[in-house]
Amino acid sequence: MRPLKKTELFNYSIGDLGINCNFQLIGFFLAYFYTDVFGISAAYVAGLFLVARIWDAVNDPIMGYIADHSRSRWGRFRPYVFFGAVPLNLLLVACYFTPDASTGTKVVYAYVTYILHSMVFTAVGLGYSSITAVITQDQQERALISSMRMFFAVVVAMSLVGIGTRPFVALFESEASGFFWLAVLYAVGSSALLIFAGVKSKERVEEPPQKYHLKDMIGIVLKNDALLVLSLAMFCNTCVWVVSNAVGLYYFKYVLGDADLQSVFFRWMLPANLIGIVLTPILTARFGKRPIFMLGSLIVVFVSVIRHFVPADAFGLFVGLSMVASSAMMFCSVCQWGMVPDTVEYGHWKNGVRSDAVPFAFFTFTMKCGMALGGAMAAMVMSLTGYVANTELSDSAYTAITWLFNIVPAGFSLACFFSLIFYKLTREKFTQIVTELQARES
């Protein structure tokens, strides 16, 4: 198979900017929006996040099965991207709309819009990510694709969402109006980018249709030990950034005393993330993806613990340590998304059945579980420690926010490191597997 052209890499990878204009606005600000703007309690938010993920346990595997059995003149996965873009982003706008209603009605509205958003996000995100497995079988090309995706997903999208949100919202008379029109703006851009990526990407790996039934998915997942270990690492790594992001705006608003410092903070994270993304493919080409993933996890552990003891008035030191951790997190993010396509061939080799979508569906499901646990944990701990929106923090709520921002993510990152010890799909093993699969088909 010929190497991918630079234009092909770009056309596919820029879709992650579309995904993350939507995803990061939800991830960074929805919990804060629900409690401090929309007007429901942190306990309701925790319950919502948990219920949504319980439903995902049913929805995500079914979506993987449907995607694997889809056939169209546009391919198996691309239609979910360009046809799903507009519905996904209409639901983003709905999530950030504040109805003039009672608290009970608002809770119902939040449940309906957020869970529907999550379901459509599964279809679009799964379709988009699954293209990675059918665009190339070269490990280093997959690492390069993952790096480019992270550039658009984290560097560009984080710049827009992290740096631009507070200044944009401040232009409006109320935070409710500001968040709503920001969601509209991102929805338009996200839809255009996803449609472009879906239309321009090509599914180049041709595999004969695999016939399996819904009940077979349990075996497809459980017999793929590489996928299970990688998914556990993904779960832990997701909890690292979800927990800290969930309380991030609270940390700047209540601990550091200025919510607008979050925009300043993200301006410094931009070059840090870029450094991590540029370094990752260089390091993985020399040492492999698993060792660099583990290195990034350890760095996050040590830096997060040290940052916890930095005084609130030492903002420069706080930012400097955060930049180191943010670069290391890029090692983890790039590697994990570069490794999951390899588990497709591994599962095919081990089980005799090729499923491109089910591994991605399970991987995405574990990411959502991490998001659920992280988001629900943060909301529930704040509720139990007496957090009340827009008032002075109690000592217990203050302690909870500082621990959730630093120590808890460090613990999850340490768990991620230890889980990767059991990942045995090395570069040499993968090359052997691809060769054997090609020999079977010849």
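In the set Y32, Y128, Y65, only one residue is within 24 Å of A246 (Cα to Cα), part of a helix (DSSP H, G or I) and of a type in the set (F, W, Y); that residue is Y32.
Residue-level analysis places S355 among those that are outside any helix (DSSP H, G or I), polar (S, T, N, Q) and more than 17 Å from P409 (Cα to Cα). Residues in the range 161-175 that are crowded, with 17+ Cβ neighbours inside 10 Å and of a type in the set (A, V, I, L, M): V161, I163, V169. Taking the criterion of being in contact (Cβ under 8 Å) with a residue 60 or more places away in the chain and among the aromatic types (F, W, Y), no residue of the range 303-317 qualifies.
Selection of first residues in the range 15-27 that are more than 11 Å from V154 (Cα to Cα) and of second residues that are in a helix (DSSP H, G or I) and among the hydroxyl-bearing types (S, T, Y), restricted to Cβ pairs under 6 Å at least 6 apart or on distinct chains, gives the following pairs, ordered by first then second residue: G15/Y128; G18/S190; N22/S190; L25/Y186.
Rundown of residues vs (1) modelled with pLDDT of 80 or more; (2) more than 27 Å from the chain's Cα centre (by Cα); (3) closer than 21 Å to T280 by Cβ; (4) not aliphatic (A, V, I, L, M), yes/no style:
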residue: S322; (1), (2), (3), (4): yes, no, yes, yes
residue: M330; (1), (2), (3), (4): yes, no, yes, no
residue: P341; (1), (2), (3), (4): yes, no, yes, yes
residue: G347; (1), (2), (3), (4): yes, no, no, yes
residue: A361; (1), (2), (3), (4): no, no, no, no
residue: M380; (1), (2), (3), (4): yes, no, no, no
residue: G386; (1), (2), (3), (4): yes, yes, no, yes
residue: S394; (1), (2), (3), (4): yes, yes, no, yes
residue: T402; (1), (2), (3), (4): yes, no, no, yes
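Once the range 251-301 is narrowed to residues that are buried (at least 17 other Cβ atoms within 10 Å of the Cβ) and in a loop (DSSP other than H, G, I, E, B), the residue that is nearest to the chain's Cα centre (by Cα) is G288.
Just wondering, is there one or more residues in the range 329-348 that are more than 25 Å from A123 (Cα to Cα) and without any contact (Cβ under 8 Å) to a residue 12 or more places away in the chain? No, the range 329-348 contains no residue that is more than 25 Å from A123 (Cα to Cα) and without any contact (Cβ under 8 Å) to a residue 12 or more places away in the chain. Within the range 75-94, if we keep just the residues that are modelled with pLDDT of 80 or more and part of a loop (DSSP other than H, G, I, E, B), the residue that is farthest from G127 (Cα to Cα) turns out to be R76.
If only residues of the range 152-187 that are in a helix (DSSP H, G or I) and of a type in the set (S, T, Y) are counted, the one that is nearest to F97 (Cα to Cα) is S177.
The values are calculated or read from the model by the stated rules, or taken from the named source; none is laboratory data. This structure is a prediction, so every number in the text was calculated from the model and none was measured. Backbone-built Cβ (ideal geometry, glycine too); neighbour counts: all protein chains shown.
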